[in-house]
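Working notes, beginning with the structure itself.
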Amino acid sequence: MVVRVPATSANLGPGFDTLGLALNLYNTFSVTPARLSSIHIAGEGEDRPKLRVDNVFVKIFNEVLEFYEYPRRHYKFSFHNDIPISRGLGSSSAVIIGAIVSAYHIMQKPLDTNEILNLALCYENHPDNITPALCGGFNIAMLESNKQPTKNTHKDSIFGSQKTRVVSMKTPISSDIKAVVVVPNTTISTKFSRRTLPKKYSTKDAVFNLSHACMLSAALLKGDYTLLREASGDRFHQDVRMKALPILFAIQKLALENNALLSTLSGSGSSFLNICYADESKNLAELMQKSFPKFRVFELEFDNMGATLLES
């Protein structure tokens, strides 16, 4: 059984913890019944022994099986990771969604989007990455309340007493636009990054972000990409996070000077998402690679499928 999950880019400027989209860069997870359990990792993270010893995928996979009282067995786990780790491209969400979806397929349990997202919330408290990882496309996601779910293996407490759930809407992204993602070789910890953000925001800044997030969403929903640049302004998080790695300002400046429709920090960084028309993506990618030769540059399409079963 093989499941593929896309990379994701969240926030998109003003849509803090709310907006996200999927990219055609993937982690692939293979789970096969075996006499003895084993883990093999190729690609990103293959040189990190801790990922084998304390593997998050295996932990979540087993917890989901236990949650549904499925018989415990041994499995051979093989992972091929193309999503850079700790770079703001949803590598954690890919693992979470991959583990839950894989468990559902092993149990031959029908996939329920809302159910899976609510399980995923037990491992990631914001929905902007997990939603596009599961559903693909451009997603607007919100939580029903301000209370965050807690990890609890008791079935009634998750589905009966849990007061927070994901409400989301997905729309496919046109092939008229593509993404050029610049990936620095420096990580920015999401946990550390969140600690640097203000605890309070003014009404003026809140209205600014609200209006820009609405306009950005409308532009992507309607396909009016000329609005993306103006609509991607942010006063909540982006500048504070970029100051941890000032070269990100240079990436953004270069992109916007060379026909990028949108240029924003991807998640908490350090990757930078640049959206442009498809016929201009190659030139922009080459320019970025030439200007920042020590960084990785990906020219990507948008993924509208989300988590996909490749082999049953």
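A short reminder: the numbers here are calculations on the coordinates, not readings from a lab. Small disclaimer: the values here were computed from a predicted structure and weren't measured. Virtual Cβ from ideal backbone geometry, glycine too; neighbours counted across all protein chains shown.
Please give the charge dipole size of region 20-64, origin at the Cα centre, charges +1 on K and R Cβ atoms and -1 on D and E Cβ atoms. Round to the nearest 20 debye.
Numbers: 5 positive and 5 negative charges, 31 e Å.
The dipole of region 20-64 has a size of about 160 debye.
Please rank HIS212, HIS237, fewest neighbouring Cβ atoms within 10 Å first, as an exposure proxy. Before the final figure, lay out the partial values.
Details: HIS212 20, HIS237 24.
The order, fewest Cβ neighbours first, is HIS212, HIS237.
Based on Cβ point charges of +1 for Lys and Arg and -1 for Asp and Glu, what charge dipole magnitude is obtained for region 177-300 about its Cα centre, in debye rounded to the nearest 20? Present the calculation step by step, with values, prior to reporting the outcome.
Values: 17 positive and 10 negative charges, 145 e Å.
Roughly 700 debye for region 177-300.
Normalised by the residues of the chain, what does the relative contact order come to in percent, with Cα pairs under 8 Å and at least six apart? Mind showing how you got there, number by number?
Numbers: 663 pairs, mean separation 81.5, N = 312.
Relative contact order comes out at 26 percent.
What's the exposure ranking of ASP205, ASP128, ASP54, going from fewest to most Cβ atoms within 10 Å?
Working: ASP205 14, ASP128 28, ASP54 9.
Ranked by crowding around the Cβ, least crowded first: ASP54, ASP205, ASP128.
Around ARG35, what is the net charge, scoring Lys/Arg as +1 and Asp/Glu as -1 over all other residues with Cβ under 13 Å from its Cβ?
Working: positive: ARG73, LYS76; negative: none.
Summing Lys/Arg as +1 and Asp/Glu as -1 gives +2.
222 nm [θ] for the chain, helices only, -39500 (n - 2.57) per DSSP H run of 4+, per residue, to 500?
Numbers: 12 runs with 108 residues, N = 312.
The per-residue figure over the chain is -10000 deg cm²/dmol.
Under 10 Å from the Cβ of PHE249, count the other residues' Cβ atoms, weight Lys and Arg +1, Asp and Glu -1, and hand me the total.
Working: positive: LYS243, LYS253; negative: ASP239.
My count for the surroundings of PHE249 gives +1.
Starting from the eigenvalues of the Cα gyration tensor, five times each then square-rooted, give me the equivalent ellipsoid semi-axes of region 177-300, largest first, whole Å.
Details: eigenvalues 112, 83, 20 Å².
Result for region 177-300: semi-axes of 24, 20, 10 Å.
Pop out the ³J(HN,Hα) list for region 245-253 in order, Karplus 6.51 cos²θ - 1.76 cosθ + 1.60 with θ = phi - 60°, rounded to Hz; leave Gly and Pro as x.
Here the 3J(HN,Hα) series is 8, x, 5, 4, 5, 5, 4, 5, 4 Hz.
Pulled fully out, how much extra length does the chain show between LYS243 and VAL207, if you take 0.36 nm times their separation in residues and subtract their Cα-Cα distance?
On the way: separation 36, 0.36 × 36 = 12.96 nm, distance 2.34 nm.
Answer, rounded to one decimal: 10.6 nm.
Whole-Hz ³J(HN,Hα) for each residue in region 10-25, computed from phi via Karplus 6.51 cos²θ - 1.76 cosθ + 1.60 with θ = phi - 60°, x for glycine and proline: what do you get?
Using θ = phi - 60°, the values come out as 10, 6, 6, x, x, x, 4, 6, 10, 9, x, 9, 10, 10, 8, 10 Hz.
Around ARG4, what is the net charge, scoring Lys/Arg as +1 and Asp/Glu as -1 over all other residues with Cβ under 11 Å from its Cβ? All intermediate terms of the calculation are to be shown ahead of the outcome.
On the way: positive: none; negative: ASP82, ASP303, GLU311.
With Lys, Arg at +1 and Asp, Glu at -1, the neighbours total -3.
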